[in-house]
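A quick write-up on the structure given underneath.
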Amino acid sequence: LIMFEEDLQLGQKAEEYILAMLKKEFPTIKRVNGYQPDYDFIDDDGYTIELKLDIRSKSSGNVGIEYKHKNKPSAISTSKAIEWIVIYYLPPYKWVYSRMKTNELKAFLKRNDKYLHKTNGGDSNMSSLILIPIVTFSEEFGFTPLKT
């Protein structure tokens, strides 16, 4: 329970930080309320962004991108967001984020499919994930350290 609460606090802090950063670029952007599997943020012009926080990257050394949940396409497979932001742990910078167009992330995953490890994870191992080494991910998409 303590771990979950720490993760939740980190997630909420990270989300607030990213939202404040995005407001400089998209003044009308806001968090989507309620269940919305396609994206987390939308602005008045319809620009959409999905935000992912990979807590496990700190211990695994990988960024996990979900593509199925309960054997059904999900996350990157079904995303309607224009852009993705992924927060992960990258020593020595600690927590960082990378921003990319959704189609660029999809193209990268397709291009590197045979080299990337696939596994199950998430809650009760119900999610199918593609694991990307954090160094590879940060080199491919660039990164910005989160200011804590």
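The values are calculated or read from the model by the stated rules, or taken from the named source; none is laboratory data. Worth saying up front: this structure is predicted, and the values here are computed from it rather than measured. We place every Cβ from the backbone using ideal geometry, glycine too, and count neighbours over all the protein chains shown. Note: accessible area is taken over every heavy atom of the protein model, side chains too, but ligands, DNA and RNA are not part of it. Shrake-Rupley method; radii C 1.70, N 1.55, O 1.52, S 1.80 Å.
Every residue in region 109-148 that is over 25 Å from residue 17 (Cβ atoms) and either of a type in the set (Lys, Arg) or assigned to a loop (DSSP other than H, G, I, E, B) (or both), please.
110, 111, 112, 113, 114, 115, 116, 118, 126, listed by residue number.
Cβ-Cβ below 6 Å, separation at least six or inter-chain, first residue in region 95-116 and within 18 Å of residue 77 (Cα to Cα) and β-branched (Val, Ile, Thr), second at pLDDT 95 or above and surrounded by 18 or more Cβ atoms within 10 Å (Cβ to Cβ): which pairs?
Between residues of region 95-116 that are within 18 Å of residue 77 (Cα to Cα) and β-branched (Val, Ile, Thr) and residues that are at pLDDT 95 or above and surrounded by 18 or more Cβ atoms within 10 Å (Cβ to Cβ), the close pairs are 102/81; 102/84.
So which residues in region 44-98 are open to solvent by 40 Å² or more (accessible area, probe 1.4 Å), among the charged types (D, E, K, R) and not in a loop (DSSP other than H, G, I, E, B)?
52, 58, 66, 68, 72, 94
Does residue 39 meet the test of being aromatic (Phe, Trp, Tyr) and either assigned to a helix (DSSP H, G or I) or under 12 Å from the mean Cα position of the chain (by Cα) (or both)?
Working: aromatic (Phe, Trp, Tyr): yes; either assigned to a helix (DSSP H, G or I) or under 12 Å from the mean Cα position of the chain (by Cα) (or both): yes.
Here the answer is yes, as residue 39 does meet what is asked.
Could you give every pair whose Cβ atoms fall below 8 Å, whose first residue belongs to region 60-76 and is of a type in the set (A, V, I, L, M), and whose second residue is assigned to a helix (DSSP H, G or I) and buried (at least 18 other Cβ atoms within 10 Å of the Cβ), counting only separations of at least 6 or pairs across chains?
Correct list of pairs: 63/57; 63/134; 63/137; 65/75; 65/76; 65/105; 76/102; 76/105.
Name the single residue that is modelled with the highest pLDDT among those in region 7-36 being aliphatic (A, V, I, L, M) and outside any helix (DSSP H, G or I).
Taking region 7-36 first, the residues aliphatic (A, V, I, L, M) are 8, 10, 14, 18-22, 29, 32.
Now narrow it down to the ones that are outside any helix (DSSP H, G or I): 29, 32.
Numbers: 29: 97, 32: 92.
Among those residues, the one meeting the criterion is 29.
State whether the residues of region 119-133 include one that is over 22 Å from residue 40 (Cα atoms), among the hydrophobic types (A, V, I, L, M, F, W, C) and free of Cβ contacts under 8 Å to residues at least 40 places away in the same chain.
There is no residue in region 119-133 that is over 22 Å from residue 40 (Cα atoms), among the hydrophobic types (A, V, I, L, M, F, W, C) and free of Cβ contacts under 8 Å to residues at least 40 places away in the same chain.
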